[in-house]
Amino acid sequence: LGSAHVSVHYETSPSASLRVTMYLLLNSLFSAPLEQRGDIWGFWVLISMREYYVYLLECGDGTYYVGVTNDLTRRIMEHQEGFDKSCYTYERRPVILKHYLTFKYIHEAIGVEKKLKKWSRAKKLAYLQKDLATLHEKAACRNETSHKNRSSGAET
């Protein structure tokens, strides 16, 4: 059984469009008698329609926050309104969405989020400014075991 990859682009709130689409498709798929449903192809189409976002916010205190969500509009609103008092951004509002990336698979989005969270503020700023020279410099390995710190001759 193959999987379908449906790319959906929204001009308005992704949450509203996605909710209506999901409701209509789920309703038509699961309201039919079992013998009329056929295989689960329709279900795979539904699952693959979801998009995941890794987003980068600039907080009111100048720090950056990286997160992952399946509803970018809702999540930014939650940050802005202070939905969760334990969230990093709660005391650092207002927040500004600086950049986001879109993924089809949640595991890919989470992987990128984890990498970006480890970046320094300077590296995130270089990324946002598309400053490739600084980004490359900040990405360089600086630990003692780096190949750059080894002699070119054979060790004795």
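Full extension from residue 144 to residue 84: what is 0.36 nm times the residue separation minus their Cα-Cα distance, to one decimal in nm? My answer for the length gained is 17.5 nm. Working note: Karplus 6.51/-1.76/1.60 with θ = phi - 60° gives region 68-74 the couplings 10, 7, 9, 9, 4, 4, 4 Hz, where Gly and Pro are set to x.
Working note: Karplus 6.51/-1.76/1.60 with θ = phi - 60° gives region 51-60 the couplings 10, 10, 10, 9, 10, 10, 10, 9, 8, x Hz, where Gly and Pro are set to x. A compact globular protein would have a Cα radius of gyration near 2.2 N^0.38 Å; the ratio found for region 50-135 is 1.07. List the trypsin sites (Lys or Arg not before Pro) within region 71-148 that fall in a DSSP loop (any state other than H, G, I, E or B) and whose Cβ has at most 16 other Cβ atoms within 10 Å. Passing both the DSSP loop test and the Cβ count: 85, 104, 130, 142.
Roughly speaking, to the nearest percent, how much of region 51-130's 1.4 Å accessible area is carbon and sulfur? Of the solvent-accessible surface of region 51-130, carbon and sulfur hold 54 percent.
The values are calculated or read from the model by the stated rules, or taken from the named source; none is laboratory data. Here the structure is a predicted model, which is why all the values come from computation and not from measurement. Every residue, glycine among them, receives a Cβ derived from its backbone with ideal geometry; neighbour counts consider all protein chains shown. Side chains included, ligands, DNA and RNA excluded: accessible areas come from the protein's heavy atoms. Shrake-Rupley method; radii C 1.70, N 1.55, O 1.52, S 1.80 Å.
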